[in-house]
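Trainee: This structure is in structure tokens; I'll ask about it shortly.
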Amino acid sequence: MQYPIRVMALAAALAAGPLYAQIPPAPSSTGLRPDTRAQRSAETAANASLMYELLLAEFNYQAGDPQAGHRFMLDAARRTGDEALYRRATEMAIHARFGPDALETARAWRAAHPESADAGRYELQLLLALGRAAETEAPLRAILATLPEKDREDFLAALPTLYARAAGPDEIARLVEHALQDVLQDPKNPALSAAAWTAVGRLRLRAGDKAGALAAATLGQNADVSSRWPPLLALQLAEGGEPGAQALIERHLQNPQPYPQVQLGYARWLIDEGRLADAHAQLAAAIGRDPEFAQAWLLQGALYAQQRQNAQAEHSLEKYLTLLQLKNSDGEEGMDNARLMLARIAQRSGDTARAQALLDQIDSPEQAFAVASERAAMLVQQGRLDDALAAIDAVPEEGPRDARLKLLAQCQLLRENGRAGQSYQLLTAQLQNDPDDQDLLYDSAMSADRMGDLEKMESLLRRLIALKPGSYTALNALGYSLADRGVRLDEARALIEKAVQLSPGNAFIQDSLGWVHFRLGHIEEAARILAQAYERQPDPEIAAHLGEVLWVQGHAERARAVWTEGLRQDPDNDTLKQTLARLQVKLTP
């Protein structure tokens, strides 16, 4: 019969492929003894038979009968013992979604080649995919025994991800710990022991055992204090509020050459905790150790920008951009973030042309909304609110989420620029379609506040708190509103203190706490809290409150200095202007 063209092409490709590398060429008959010629003839026939079987396997697989193709390929693998054929048979079954057949083939492969780490990997992943995690201890041990030394740490670090979807996290943590016993207790390989303890710790954390995870991280660090894995786990625990995790991080940082990402992650955590001076110290140490550590420059610039220290922020962000350009890393997302921050700084400084030029350099679709928001802010500064709204509206939408983001951004612009009623109408109309949307409820409450309708504001915030008792933004907003009006101050304090518990490093919630203490007559406590909040976040509204407390204490010059700095940052801040008018304070330009 005449074969179709695609079958002939397939046969040619197979004959040239790596599966046939071990098949000897057909011998010449010249000069061979009869017994040798017979042996060669038998080998040639066997090779031809194998080639035909492999051709049938591939043809059946591609022609729509993957089960037959897999069966032919597995039979050829078993007869020849060729690892490449076992791999191909396993992949055939996987691609055809024959899970049990794929597992059987991978196990046959590992039995035929117990030295093959790949066979163990396939078996492990198939067991997990089939929901049979309880059977993974043997292949896990086999992989560790056969992997090259240089690959073992990375494999151990990947284990928690491999087991991420396995049911029964408690049992999984125990199973993996049992499988890794030899590695965990190996004094001759401390780096591997540290990585193994970290894997166990991450699996314990997945099971909700924070204390057990911390214990595992401690044992890992005791095995190798220079290893990056235990302090990386400790960072995750610190973010979850686990006591004792910080000590592990700091112990690692005492090494002459700590892992850079640990120091960077620790600085981020310190920022979240409001410990900005400590964060600056960590970033300075990281940069001092490696002046080309680009990510440290970026985070340092962001921290300075948050504190409105514009000159220092510009220096750090420009340094970051220079380093990326020298490394030809123009595509990094951080580059767009740095340009956005520089554009904000330029806008605050009144350099609109530079801000526009920086925004023009950002062309990634992912940043389109952020760029439009910055352009809108510049248009508002020029008194062009409608153009600002249009700039937001022009951002392309890829789904309902984008349309919702645009609505929230436009309503914020309306609310903050004298059109709170229009903002409220748009938001409440949207709430009719989704009455439990927490963002819509919060923004509607803020619009009602700007309208002066405090009853509506309180009703909306209480609904939000009922839906989400852990909403520290709603708790803080309601508590601050009561404190600012001087009513139900004990209730206001309770609401704000709960918000502080939920978000202890939030400078704006600390500001509310200081303000309610001021309203209660606790002047010294108010001054202490507000000074800390202002150090964390030198915002004009916090400046208004801190300045007023200092003024009442009789520290007029310090109050004037704080207010002057607040006006420099935002000359149009309503809270600050109202405070100065109420106290009849005029500041010298």
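Trainee: If you scan region 241-261, which residues turn out to be surrounded by fewer than 19 Cβ atoms within 10 Å (Cβ to Cβ) and farther than 23 Å from Gly212 by Cβ?
Mentor: Of everything in region 241-261, those that are surrounded by fewer than 19 Cβ atoms within 10 Å (Cβ to Cβ) and farther than 23 Å from Gly212 by Cβ turn out to be Leu253, Gln254, Asn255, Pro256, Gln257, Tyr259, Pro260, Gln261.
Trainee: Working carefully through the options Gly69, Gly64, find the one that is out of contact with any Cys (no Cβ under 8 Å at 6 or more places or on another chain), crowded, with 22+ Cβ neighbours inside 10 Å and at pLDDT below 90.
Mentor: Going through Gly69, Gly64 in turn, the sole match is Gly69.
Trainee: Among the residues of region 396-407, which ones are in contact (Cβ under 8 Å) with a residue 24 or more places away in the chain and crowded, with 17+ Cβ neighbours inside 10 Å?
Mentor: The answer is Lys406, and nothing else.
Trainee: Identify the residue in region 438-480 that is open to solvent by 50 Å² or more (accessible area, probe 1.4 Å) and of a type in the set (Asp, Glu) and, among all such residues, is farthest from the chain's Cα centre (by Cα).
Mentor: Glu455
Trainee: Taking region 514-533, which residues are open to solvent by 20 Å² or more (accessible area, probe 1.4 Å) and of a type in the set (A, V, I, L, M)?
Mentor: Of everything in region 514-533, those that are open to solvent by 20 Å² or more (accessible area, probe 1.4 Å) and of a type in the set (A, V, I, L, M) turn out to be Leu520, Ile523, Ala531.
Trainee: Sort through Ala238, Ala211, Ala215 and tell me the only one that's open to solvent by less than 40 Å² (accessible area, probe 1.4 Å) and either among the small types (Gly, Ala, Ser) or part of a loop (DSSP other than H, G, I, E, B) (or both).
Mentor: Criteria check complete, one pass: Ala238.
Trainee: Going by the conditions given, is Leu264 more than 19 Å from Ala164 (Cβ to Cβ), at pLDDT below 95, in a helix (DSSP H, G or I) and open to solvent by less than 10 Å² (accessible area, probe 1.4 Å)?
Mentor: Here the answer is no, as Leu264 does not meet what is asked.
Trainee: Being modelled with pLDDT of 95 or more, aliphatic (A, V, I, L, M) and closer than 27 Å to Gly521 by Cα is the filter here, so list the residues in region 447-481 that pass it.
Mentor: Scanning region 447-481 gives Met457, Leu461, Ala474, Leu475, Ala477, Leu478.
Trainee: I'm trying to understand the selection: among the residues of region 82-112, which are open to solvent by 30 Å² or more (accessible area, probe 1.4 Å) and not in a helix (DSSP H, G or I)?
Mentor: Scanning region 82-112 gives Arg97, Phe98.
Trainee: Next question. Of a type in the set (D, E, K, R) and under 25 Å from Glu149 (Cβ atoms) - does that describe any residue in region 102-113?
Mentor: Yes, because at least one residue in region 102-113 is of a type in the set (D, E, K, R) and under 25 Å from Glu149 (Cβ atoms).
Trainee: Related question: Checking Ala561 against (1) aliphatic (A, V, I, L, M); (2) outside any helix (DSSP H, G or I); (3) open to solvent by 50 Å² or more (accessible area, probe 1.4 Å), which test does it fail?
Mentor: Among (1) aliphatic (A, V, I, L, M); (2) outside any helix (DSSP H, G or I); (3) open to solvent by 50 Å² or more (accessible area, probe 1.4 Å), Ala561 violates only (2).
Trainee: Same structure again: Testing Glu318 on (1) in a helix (DSSP H, G or I); (2) closer than 28 Å to Pro231 by Cα; (3) open to solvent by 60 Å² or more (accessible area, probe 1.4 Å), one condition comes back false. Which one is that?
Mentor: (2)
Trainee: Write out, first by first residue and then by second, each pair whose Cβ atoms fall under 8 Å of each other, whose residues are 6+ apart or on separate chains, and whose first residue, in region 346-373, is of a type in the set (D, E, K, R) while the second is open to solvent by 40 Å² or more (accessible area, probe 1.4 Å).
Mentor: Qualifying pairs under 8 Å: Arg348/Arg308; Glu366/Glu333.
Trainee: Got a sec? Which helices (runs of 4 or more DSSP H) wholly within region 380-451 have at least 1 residues that are touching a Pro at 6+ places or on another chain (Cβ under 9 Å)?
Mentor: 400-416, 438-451
Trainee: Only residues that are open to solvent by 30 Å² or more (accessible area, probe 1.4 Å), within 21 Å of Trp229 (Cβ to Cβ) and either in a helix (DSSP H, G or I) or of a type in the set (Phe, Trp, Tyr) (or both): list them for region 286-305, please.
Mentor: Selection gives Arg289, Gln295.
Trainee: Right, something else. Quick check on region 337-345. Is at least one of its residues among the small types (Gly, Ala, Ser) and surrounded by 15 or more Cβ atoms within 10 Å (Cβ to Cβ)?
Mentor: Checking region 337-345: at least one residue is among the small types (Gly, Ala, Ser) and surrounded by 15 or more Cβ atoms within 10 Å (Cβ to Cβ).
Trainee: In this structure, does Ala311 turn out to be part of a helix (DSSP H, G or I), free of Cβ contacts under 8 Å to residues at least 12 places away in the same chain and over 25 Å from Ser503 (Cα atoms)?
Mentor: Spelling it out, Ala311 is indeed part of a helix (DSSP H, G or I), free of Cβ contacts under 8 Å to residues at least 12 places away in the same chain and over 25 Å from Ser503 (Cα atoms).
The values are calculated or read from the model by the stated rules, or taken from the named source; none is laboratory data. Computed from a predicted structure; not experimentally measured. Don't worry about glycine lacking a Cβ; one is built from the backbone with ideal geometry, like all the others, and counts go over all protein chains shown. Heavy atoms of the whole protein, side chains included, go into the accessibility calculation; ligands, DNA and RNA do not. Shrake-Rupley method; radii C 1.70, N 1.55, O 1.52, S 1.80 Å.
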